[in-house]
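The next block holds one structure in the form of structure tokens; read it before the comments.
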Amino acid sequence: MTTLVLAEDDDDIRPIAARILRRAGFTVIEATDGSVALAAVREHRPAAVVSDIDMPAMSGIDLCLALRADPVTRDLPVIFVSGSLLPGDARPAQAQATAVLSKPFSPGELVACVETALADGNQPS
């Protein structure tokens, strides 16, 4: 099974997203913020990270920047899932996110976004 780290601080959204991804066949390691996700990435070596942007302790942007700065995780796909992005927000592109998905999303959109990021050769945009 393909392992993902899911970083989401919202206790209502995280279990729903995790369930969607598990039903699609992924192994999901849940994290409540970016710092927990970063530790999980280092421990479990997932195939991709799905992350909210605005989280306590370490934002998704800071998580992505930390991953890009490490040669071991530089090419790891990072998919942002956020309800707080405004049109023209450059933060995901500046952090070299692989993809951005807006909340609310459908189960199919989430799975398709992850599958596309994985199929694209693990290269950030």
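Computed log10 I(q)/I(0) for the chain at 0.14, 0.15, 0.17, 0.19 Å⁻¹: -0.49, -0.57, -0.75, -0.98, from the Debye equation with unit scatterers placed on every C-alpha and solvent omitted.
Ranked for footprinting exposure by Cβ neighbours inside 10 Å, fewest first, Met1, Met58 give Met1, Met58. Between segment 66-87 and segment 1-62, what is the C-alpha centre distance in whole Å? Each part reduced to its Cα centre gives a spacing of 11 Å.
Ordering Ala90, Ser59, Thr27 by the projection of their Cα atoms onto the charge dipole of the chain, which places +1 on the Cβ of Lys and Arg and -1 on the Cβ of Asp and Glu, puts Thr27 at the extreme positive end.
Coordinate-derived values only; no laboratory data. Fair warning: this is a prediction, and the values are worked out from it, not measured in the lab. Every residue, glycine among them, receives a Cβ derived from its backbone with ideal geometry; neighbour counts consider all protein chains shown.
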